[in-house]
Each structure stands twice: as C-alpha cells, then as structure tokens.
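The values are calculated or read from the model by the stated rules, or taken from the named source; none is laboratory data. None of the values given here were measured: they were computed from a predicted structure. Here Cβ is always computed from backbone atoms with ideal geometry, including for glycine, and neighbour counts include all displayed protein chains.
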Amino acid sequence: MVSLAQATPTTGDELLLAYATGALAEAPALVVATQLTLNPQRRRQLRAFEAVGGELLAEIDPVAMAAPAKAALLARLDEPAVDAPAPTPPATGLPAPLAALLPGGLEQLPWRRRLRGLKDWDLPALAGGKARLMWVAGKTAIPRHTHAGMELTLVLRGAYQDGAQTFAAGDLQLADAAVDHSPLVTALEPCLCLVVTDAPVRLTGRFGRLLNRFVRY
Amino acid sequence: MARIAGARDRAAFGLLFDHFAPRLKAFLLRQGTTASTAEELVQEALLTVWRRAESFDPAQATVSTWIFTIARNKRIDWLRRERRPELDPHDPMLVPETTSAEHALGASEEAALVRQAMLSLPVEQAEMIRMAYFEDKVHTTIAAETGLPLGTVKSRLRLALQRLGKLLQEV
C-alpha cells in the first residue's frame with residue numbers, strides 16, 4: 001500500500017507544517033486533525049514540527065515584558081478557570097474533531113444521493129474550504145473528474161484505488177487542477193471519506209500580515 | 001514544571017515566567033502581533049500553563065515545545081473567533097502506534113535532534129522554515145518578499161521539510 005506520505009510527501013508535509021505553526025484555516029485543519037487521530041506516523045511528524053517551534057522559542061532573543069506584567073499574572077493564578085469544557089461529540093465512531101461537527105450518527109445524516117452507490121453530506125460552513133462526507137459503495141467507481149482548486153480527500157473507513165495507489169483509512173490524497181482521475185472502490189466494503197475542496201493554506205494573521213509589511217527581519 | 005504541577009509552587013512559576021514570558025513576547029512580536037496584544041497573549045498562555053500544568057507530559061514534549069503549542073492556540077483563538085479543529089489525545093478513535101516506537105526517544109532527545117537538524121539545514125532552507133513559523137507566510141508571500149522565484153521558494157521549503165522528515169524517521 002502506498003500512502004500519500006510516500007507518494008508526494010511535500011504537500012502533505014506542508015499542510016501539517018501549517019497546522020503546526022497555526023497558519024491553517026478551519027476546513028483544512030479539520031482534515032489534518034482528523035487524519036492525526038487515524039495516523040500515528042503523522043502524529044510523530046506533528047510532534048517533530050511542534051518541537052521545531054519549541055526550539056525556535058527557546059533560542060529567540062527575549063523582549064522584556066512591561067513591568068507590572070508578572071505581578072498582574074501572579075495575582076490571577078487563583079482566578080477560577082472559565083474555559084467551558086468542549087461538549088461531548090455524538091457517538092459516531094468517527095474521530096472527535098469531525099464528530100464534533102455532526103448533528104448525530106452517520107445513519108441519521110440527511111445524505112444526498114448523487115449516483116448509484118454514491119452519497120454525500122455537507123458539513124456546516126467552515127472557514128477556508130467546503131467540507132463534506134462522501135460515502136461510496138463497494139465495487140463502485142467515481143466518475144472521472146478534475147478539480148478547480150485544491151481537493152483534500154481523507155479516508156475514514158474502507159479504501160479506494162486511484163491509478164496504482166491505494167488510499168486506506170488515515171491516508172490523505174491531495175489533488176488539484178492537474179489531477180484528472182477516477183477513483184475506484186475495489187473492495188466489497190464501502191468507503192467513507194472526508195473531502196475538503198478549495199482549501200488553500202490560508203493565513204490566519206490578517207492583521208499581523210498588515211504589520212509584517214512594515215517590519216523586516 | 002514538576003514543582004508547578006505537583007506543589008502548585010508559585011516561586012517556580014515565577015521563574016518560568018521570567019524565562020518564557022520575554023521569549024513568548026519576542027516570538028509573538030515576530031509574528032506581527034502588536035506589543036500590547038503580545039503581552040496579553042503571553043499572560044493568557046502562561047495562565048493556561050499554570051492551570052494545565054498537571055497535564056504536561058515530559059515524554060511528549062519539552063516545556064518549550066508545550067508552551068509553544070499553547071501560545072500558538074491562544075494566538076489562533078485571538079485571530080479568529082472560530083473553533084480550531086484539534087486532535088484530541090484522549091479520543092477513543094485514536095489509532096494507536098503499531099510498534100512501541102512512539103516514545104522510543106524522550107522529548108529532550110527529540111528536541112536535541114530537531115535542534116541538530118535545524119543547524120544542519122543550509123542557511124536558505126532554515127530561513128524558509130523560520131518564515132513559516134514566525135510569519136505564517138505562504139509560498140507566494142515569501143516569494144514576493146524575498147524576491148525569489150516561486151519555484152525556488154517551493155523547492156527550498158520542500159527540501160527543508162524532507163530533511164527534517166528524514167530525521168524523524170529515526171525518532
């Protein structure tokens with residue numbers, strides 16, 4: 001089995017890097033967070049990217065805080081934490097970052113039937129891309145297509161084949177306008193995927209970017 | 001860190017503040033945050049460090065890496081009012097490691113390897129990585145600002161990531 005990480009490491013790496021630095025928008029971040037749940041190798045890689053951030057923090061030249069900052073913080077230590085605990089996602093058998101966005105179990109979703117053996121459901125609107133769940137029956141081919149923008153496909157269950165490559169649970173495929181393909185579910189079991197389209201790596205730092213223009217390092 | 005988590009030691013927390021607050025502030029300033037916002041985010045991040053000290057796992061990350069991730073999340077919360085989808089380490093759906101490789105190396109050994117890898121990167125590749133962390137920049141922005149062709153920026157970042165990735169195979 002060839003996972004995407006082996007096939008085209010750069011793009012998947014860049015997505016993960018953007019997740020690690022905090023630059024990734026909500027929709028692609030959902031794909032990455034969901035993949036991390038399913039893919040321990042990716043988790044190791046994330047730990048390393050975060051360690052790079054830790055090293056950059058450790059070696060940076062410090063800038064003094066305003067004088068009252070320390071006393072102000074020490075005075076706040078006894079404040080009760082106001083962070084509301086995240087609500088428990090419905091029991092969907094899906095990774096938590098994704099389950100948190102579903103109204104209920106997979107069976108209750110208002111699926112749209114697209115073609116024989118193919119149905120999908122749009123997730124609530126997210127920043128930075130359009131996300132949907134796609135269910136493909138076993139022994140079914142998806143009609144040949146290409147993409148206007150970037151398409152991220154994460155396999156949640158089952159597997160599909162695209163050319164010589166097989167994508168199984170936890171594998172991520174990135175496709176853009178240059179990719180013209182007809183993925184195929186070869187096994188009897190259906191394949192469930194999370195698909196995000198038009199989800200470029202977007203900056204979070206709008207305000208910061210404006211300022212960056214005036215600051216050179 | 002252990003004294004902060006176990007004994008709720010304020011003096012130890014004070015020392016942690018002295019060390020990390022000015023570094024976090026510098027990091028946030030380099031990311032383009034204004035000084036007053038940087039101060040505020042540092043406060044929020046370190047307050048979270050105090051509150052969640054017992055969840056710090058030295059096998060997973062160094063203190064510096066852990067604080068980096070907390071500050072990163074505080075900054076995302078501040079920049080966007082959206083909820084960032086995040087890996088839940090306690091998710092029952094978490095697919096475990098197949099080998100015992102996950103913690104083959106401690107976080108500090110891993111940090112040393114990462115440091116080594118960063119130092120061994122050619123200057124121009126290391127610069128791409130730094131820009132990615134400090135400035136949240138995508139290729140096109142980096143290309144515009146450095147005056148390098150987009151293809152060069154892409155290949156440098158790709159090479160840098162491959163090199164770091166190769167190192168991780170050993171982790």
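Beta carbons closer than 7 Å, at least 6 apart along the sequence or on distinct chains, pair a first residue in the range A:114-140 that is surrounded by 15 or more Cβ atoms within 10 Å (Cβ to Cβ) with a second that is among the polar types (S, T, N, Q) for A:GLY117/A:THR140; A:LEU118/A:THR140; A:GLY129/A:THR197; A:LYS130/A:THR197. The condition of being touching a Gly at 6+ places or on another chain (Cβ under 7 Å), at pLDDT below 95 and hydroxyl-bearing (Ser, Thr, Tyr) holds for only one of B:THR37, B:THR33, B:THR99, that being B:THR33. Residues in the range A:160-169 that are of a type outside the set (Asp, Glu), under 20 Å from A:LEU15 (Cβ atoms) and surrounded by fewer than 21 Cβ atoms within 10 Å (Cβ to Cβ): A:GLN165, A:ALA168, A:ALA169. Across the range A:18-58, the qualifying residues are those that are touching a residue at least 40 places away in the same chain (Cβ under 8 Å) and closer than 30 Å to B:ASP18 by Cα, and the one among them that is farthest from the other protein chains (Cβ to nearest Cβ) is A:ALA18. For beta carbons closer than 6 Å, sequence separation of 6+ or different chains, a first residue in the range B:58-71 that is touching a residue at least 60 places away in the same chain (Cβ under 8 Å) and a second that is of a type in the set (D, E, K, R), there are no qualifying pairs. Scanning the range A:15-31 for residues that are among the β-branched types (Val, Ile, Thr) and within 19 Å of A:PRO95 (Cα to Cα) yields a single hit, A:VAL31. Can you name the number of the only condition in (1) part of a strand (DSSP E or B); (2) away from chain B (no Cβ under 14 Å) that A:PRO110 fails? In the conditions (1) part of a strand (DSSP E or B); (2) away from chain B (no Cβ under 14 Å), A:PRO110 misses (1) alone. Considering only residues in the range B:129-171 that are of a type in the set (Val, Ile, Thr) and modelled with pLDDT of 70 or more, the one that is farthest from A:LEU57 (Cα to Cα) turns out to be B:THR152. Quick one: which of B:ALA59, B:ALA71 is more than 7 Å from chain A (Cβ to nearest Cβ), in a loop (DSSP other than H, G, I, E, B) and closer than 22 Å to A:GLU55 by Cα? Exactly one of B:ALA59, B:ALA71 is more than 7 Å from chain A (Cβ to nearest Cβ), in a loop (DSSP other than H, G, I, E, B) and closer than 22 Å to A:GLU55 by Cα, namely B:ALA59.
Residue-wise test of (1) on the phi < 0 side of the Ramachandran plot; (2) among the acidic types (Asp, Glu).
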| position | (1), (2) |
| --- | --- |
| A:THR92 | yes, no |
| A:LEU98 | yes, no |
| A:PRO103 | yes, no |
| A:GLY117 | no, no |
| A:ASP122 | yes, yes |
| A:MET134 | yes, no |
| A:ILE142 | yes, no |
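Kindly establish whether B:THR33 is surrounded by 17 or more Cβ atoms within 10 Å (Cβ to Cβ) and either touching an Asp or Glu at 6+ places or on another chain (Cβ under 7 Å) or aromatic (Phe, Trp, Tyr) (or both). No: the conditions fail for B:THR33. Which of the following residues is among the acidic types (Asp, Glu) and surrounded by fewer than 18 Cβ atoms within 10 Å (Cβ to Cβ): A:GLU55, A:GLU50, A:GLU59? After applying the criteria, what remains is A:GLU59. Checking each residue in the range B:37-53 for being surrounded by fewer than 20 Cβ atoms within 10 Å (Cβ to Cβ), more than 7 Å from chain A (Cβ to nearest Cβ) and either out of contact with any Phe, Trp or Tyr (no Cβ under 9 Å at 6 or more places or on another chain) or not hydroxyl-bearing (Ser, Thr, Tyr) (or both) picks out B:GLU40, B:GLU44, B:THR48, B:ARG52.
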